[in-house]
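Below is one structure; the comments refer to it alone.
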Amino acid sequence: ARRLDAAWIDVVDHLRATELGELALIVGGRSSGARVACRTADAVGAAGVLCLAFPLLPPARANATKPPQSRLDELEAVPVPMLVVQGRGDRFGIPPPGRERTVVEVSGDHSLRSDQGAVETAVSEWLAQRFAR
């Protein structure tokens with residue numbers, strides 16, 4: 001995780017220095033990429049975070065002796081507005097809404113392939129509501 005986070009921060013820093021300047025930046029990703037975006041949002045000065053299929057619970061292991069630990073703390077640490085788009089049947093769980101966290105459930109599972117139109121609508125509406133000028 002530390003390597004992914006460091007690489008992501010380096011890429012964003014490079015883009016800011018070469019192309020983006022001080023442009024407001026919304027970071028995001030799908031599944032593990034969403035986790036990276038959450039963990040690095042503050043470090044890269046993100047104005048918002050977009051999470052597609054955030055894996056709230058790690059994959060279950062057949063020989064596990066204790067229940068999987070939630071990754072809710074990664075979401076809770078995000079200091080800016082956030083959208084989580086999650087399939088209703090996602091085997092990795094569905095995070096709850098929070099103070100700055102909007103959660104939209106769409107049909108389907110972790111792949112978010114069942115209703116891509118609903119994903120697009122959720123993202124478009126959130127961007128328009130939170131960041132339209």
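The values are calculated or read from the model by the stated rules, or taken from the named source; none is laboratory data. Please read these numbers as outputs of a predicted model, since none were measured by experiment. Counting neighbours? That spans all protein chains shown, and the Cβs are built from the backbone with ideal geometry, glycine included. Accessible surface areas use protein heavy atoms only, side chains included; no ligands, DNA or RNA. Shrake-Rupley method; radii C 1.70, N 1.55, O 1.52, S 1.80 Å.
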Check your understanding: Is it the case that R88 is of a type in the set (K, R), touching an Asp or Glu at 6+ places or on another chain (Cβ under 6 Å) and farther than 28 Å from I9 by Cβ?
Key -> yes
Check your understanding: If R99 passes every condition in (1) over 12 Å from the mean Cα position of the chain (by Cα); (2) at pLDDT 95 or above; (3) not in a helix (DSSP H, G or I); (4) not hydrophobic (A, V, I, L, M, F, W, C) but one, which one does it miss?
Key -> (2)
Practice item. Please state which of the following conditions E76 fails to meet, knowing it meets all the rest: (1) open to solvent by 70 Å² or more (accessible area, probe 1.4 Å); (2) at pLDDT below 95; (3) more than 18 Å from L127 (Cβ to Cβ). Key: (2)
**Study point:** Hits in the range 106-133 (condition: open to solvent by 30 Å² or more (accessible area, probe 1.4 Å), under 16 Å from the mean Cα position of the chain (by Cα) and farther than 24 Å from L25 by Cα)
**Key:** D109, S111
**Study point:** Among (1) under 17 Å from V123 (Cα atoms); (2) open to solvent by 60 Å² or more (accessible area, probe 1.4 Å); (3) without any contact (Cβ under 8 Å) to a residue 40 or more places away in the chain, the one test that C51 misses
**Key:** (2)
Exercise for review: Six or more apart or on different chains, Cβ under 6 Å: which pairs go from a residue in the range 87-104 that's under 16 Å from R35 (Cβ atoms) to one that's open to solvent by 60 Å² or more (accessible area, probe 1.4 Å)? Could you list them?
Suggested key: D90/D109; V103/P97
Review point. Failed condition for E100, given (1) more than 23 Å from A132 (Cβ to Cβ); (2) surrounded by 13 or more Cβ atoms within 10 Å (Cβ to Cβ); (3) acidic (D, E), with all others met?
Key: (1)
Point to revise | First in the range 14-34 and over 19 Å from V123 (Cβ atoms), second anywhere and assigned to a strand (DSSP E or B) and not polar (S, T, N, Q), Cβ under 8 Å, 6 or more apart | key: none
